[in-house]
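Heads up: the structure comes next, in structure tokens.
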Amino acid sequence: MSDDTSLELPFTHRRNPHQTEAADRHLEWLQRHRELAAVVSGSTYTGWDITELASLVYPESSAEDLALAADLMGFYFLFDDQFDGPLGRRPEQVALICERLSAIAHGTLTAVTSPSEHAFADLWRRITLGMTDRWRARAACNWEYYFACHPAEAAGRTIGQPPDREGYLTLRRGTAAMESIFDMIERLGHFEVPQHVMHHPLFRQLRQLAADIPSFTNDVRSFAQESERGDVANLVMIVRRDRCCSTEEACAVVWDEAQRMADRFCDLRDQLPDVCRSMALDPAQRLAAERYADGMALWLAGYLHWESHTGRYHHC
């Protein structure tokens, strides 16, 4: 894929005005967690433009909240990249690492020891600040889902064969961490969506589409890197195998499906006013629903723009 290609969306990305300040704060966080940051070189990490990503996907956050978002994005990538080497082919060791991290979210880990644990414990404390017990419980389950999928991904590398499509989607929806990312729409916006709205069919569909679209486009952009290091949880690989087609043709199929999902997201989002009326939401509930839906749209526009330019997937 060319660096200047992206999906067609009826809304565009925006940057957070506090990006420069957040970048300084994020650098301080990396220095405090330098052992985790050492997973990649400083120049490589700089090329990823992590603060730019946070600024694009959470454009309305305060400077302090944007710094938290940048730290969170940095953690996702640094944590994931530690499994690119031999460790990523040892599912039993990965499981032990991830169980301890999940225990932080559930409040059952008595002492943090590893660089990942220190970093996530700091993030979890800040992420949950001011949120209700209900939100914290949901967020903890979503983080568990994210962590718990990594051992299965490691096992897939040892097998060396792409899974079937349904198996891929189940695994990818965990390792992409999108549910925890969408939880941050509420946390950074300092509001919470009522549970009967959060689990309304429209919102569940919107959330699934907004989660899957970036995974599909990312599989296209990261295909070369993942293929080289032996990753198999990539939809391009699955389509290429199932259709007996070329890599270029498989990329086009995945990209076209992502565009159809983006179109469907927009159609559903247009139905939001009708859903709010049918649910008899009061003004505060309606506002929360609108802010959450807008947050997912901002996420899509911001992420897709970042993905098309970042040095994480494109090299000069």
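The values are calculated or read from the model by the stated rules, or taken from the named source; none is laboratory data. The model shown is predicted, which means the values in this text are computed figures rather than measured ones. Glycine also receives a Cβ, built like all others from the backbone with ideal geometry; neighbour counts cover every protein chain displayed. The protein model used for the area step is the full one, side chains on, heavy atoms only, and it has no ligands, DNA or RNA in it. Shrake-Rupley method; radii C 1.70, N 1.55, O 1.52, S 1.80 Å.
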*Would you mind finding the one in 84, 65, 80 that is acidic (Asp, Glu) and not in a helix (DSSP H, G or I)?*
84
_Test set (1) assigned to a helix (DSSP H, G or I); (2) more than 16 Å from residue 258 (Cα to Cα); (3) touching a residue at least 12 places away in the same chain (Cβ under 8 Å) - residue 162 fails condition number_ = (1)
*Condition check for residue 71: over 14 Å from residue 312 (Cβ atoms), modelled with pLDDT of 95 or more, part of a helix (DSSP H, G or I) and open to solvent by 10 Å² or more (accessible area, probe 1.4 Å)*: no
*Please enumerate the residues belonging to the range 20-61 that are closer than 21 Å to residue 302 by Cβ and polar (S, T, N, Q).*
20, 46, 51, 55, 61
*Checking residue 86 against (1) under 14 Å from residue 151 (Cα atoms); (2) open to solvent by less than 20 Å² (accessible area, probe 1.4 Å), which test does it fail?*
(2)
*Tell me, please, whether a residue that is farther than 22 Å from residue 292 by Cα and either open to solvent by 60 Å² or more (accessible area, probe 1.4 Å) or not hydrophobic (A, V, I, L, M, F, W, C) (or both) can be found in the range 61-68.*
no
*asked:* Contact list please: Cβ distance under 7 Å, first residue in the range 92-119 and closer than 15 Å to residue 143 by Cα and at pLDDT 95 or above, second residue open to solvent by 70 Å² or more (accessible area, probe 1.4 Å) and in a helix (DSSP H, G or I), pairs at least six apart or on different chains.
replied: 102/144; 105/144; 109/100; 117/100
*Among the numbered criteria (1) without any contact (Cβ under 8 Å) to a residue 60 or more places away in the chain; (2) surrounded by 14 or more Cβ atoms within 10 Å (Cβ to Cβ), which single criterion is violated by residue 284?*
(2)
*Looking for whichever is more than 13 Å from residue 10 (Cα to Cα), open to solvent by 70 Å² or more (accessible area, probe 1.4 Å), touching a residue at least 24 places away in the same chain (Cβ under 8 Å) and not hydroxyl-bearing (Ser, Thr, Tyr) here; the options are 264, 291. Which one fits?*
291
*Could you please let me know if residue 155 is in a loop (DSSP other than H, G, I, E, B), of a type outside the set (Phe, Trp, Tyr) and either open to solvent by less than 60 Å² (accessible area, probe 1.4 Å) or on the phi > 0 side of the Ramachandran plot (or both)?*
no
*In the range 48-60, how many are open to solvent by 30 Å² or more (accessible area, probe 1.4 Å) and either touching a Cys at 6+ places or on another chain (Cβ under 6 Å) or in a helix (DSSP H, G or I) (or both)?*
1
_Quick check on my filter: what residues within the range 26-45 are open to solvent by 90 Å² or more (accessible area, probe 1.4 Å) and either modelled with pLDDT of 95 or more or not in a helix (DSSP H, G or I) (or both)?_
27, 28, 31, 32, 34, 35
*If you scan the range 228-242, which residues turn out to be open to solvent by 80 Å² or more (accessible area, probe 1.4 Å) and touching a helix residue (DSSP H, G or I) at 6+ places or on another chain (Cβ under 6 Å)?*
240
*Kindly indicate which of 20, 12 is open to solvent by 70 Å² or more (accessible area, probe 1.4 Å), of a type in the set (Val, Ile, Thr) and free of Cβ contacts under 8 Å to residues at least 60 places away in the same chain.*
20
